[in-house]
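Each remark here refers to the structure printed beneath this line.
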Amino acid sequence: MENLNEKVLVELAKKGNNDAFVSLLKNVENRLYKVAYVISPDEVEDIIQETFLQAYLSIKKFKGISSFYTWIYRIMMNIIYKRNRKKRPLIKNVNIVFQNDEELKEKVREALKKLHPKLNEVITLFYFEEYSIKEISKILNIKEGTVKSRLFKGKKVLKKFLENKK
């Protein structure tokens with residue numbers, strides 16, 4: 001099953017083929033896990049499980065306009081937003097390499113906590129998932145200019161916070 005292309009797997013999954021659906025999940029699981037871990041490390045397992053369940057229940061609605069990853073990523077982010085409506089999502093354990101500079105790591109973690117969820121999302125996709133602006137635009141279904149604006153605002157907030165922590 002894993003050798004089939006994504007479109008074939010999606011069509012099989014829509015027809016109820018569980019092996020095809022599992023193959024689709026295996027292809028995206030690590031990427032989803034990394035993003036969920038950056039945004040909400042204490043709830044990663046629950047978020048991933050809820051995402052997979054929601055995707056399974058909704059697979060027949062998937063139109064194939066975007067990639068399967070983009071579609072399931074959006075499901076996951078909606079779940080995260082829903083879970084965090086009353087509390088802002090915290091970006092805690094970001095795996096940034098700082099050459100043994102624990103103090104700087106902690107400052108960056110604290111700064112990331114201050115970002116609005118929409119800024120967190122764009123910063124995470126751009127710097128930690130290494131997506132291009134165009135790819136982020138497609139994943140989030142927003143204009144490239146909006147991505148650039150959020151990156152600019154996010155970096156500005158991070159810089160301001162880091163400068164105040166010196």
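Remark: pairs (first residue in segment 41-62, without any contact (Cβ under 8 Å) to a residue 60 or more places away in the chain and assigned by TED's automatic domain parsing to the domain that holds residue 20; second residue part of a loop (DSSP other than H, G, I, E, B) and loosely packed, with under 13 Cβ neighbours inside 10 Å; Cβ separation under 7 Å; 6+ apart in sequence or on different chains) = 41/93. Of the residues making up segment 118-166, those that are free of Cβ contacts under 8 Å to residues at least 40 places away in the same chain and not in a helix (DSSP H, G or I) number 6.
Among the criteria (1) of a type outside the set (A, V, I, L, M, F, W, C); (2) under 23 Å from residue 120 (Cα atoms); (3) modelled with pLDDT under 90, the one residue 100 does not fulfil is (2).
Please work out if residue 28 is crowded, with 20+ Cβ neighbours inside 10 Å, in contact with a helix residue (DSSP H, G or I) (Cβ under 6 Å, 6 or more places away or on another chain) and modelled with pLDDT of 90 or more. So residue 28 passes the test. The set of residues in segment 16-38 that are over 22 Å from residue 137 (Cβ atoms), of a type in the set (Gly, Ala, Ser) and assigned to a helix (DSSP H, G or I) comprises 20, 23.
Checked against the criterion of being modelled with pLDDT of 80 or more and under 19 Å from the mean Cα position of the chain (by Cα), the candidates 155, 87, 114 yield just one match: 155.
Would you be able to tell me the number of residues in segment 39-74 that are assigned to a helix (DSSP H, G or I) and surrounded by 17 or more Cβ atoms within 10 Å (Cβ to Cβ)?
Going through segment 39-74 one residue at a time, the tally reaches 14.
The values are calculated or read from the model by the stated rules, or taken from the named source; none is laboratory data. This one's a predicted model, so the numbers in the text were calculated from it and none came from an experiment. Every residue, glycine as well, gets a Cβ built from its backbone with ideal geometry; the counts of neighbours run over all protein chains shown.
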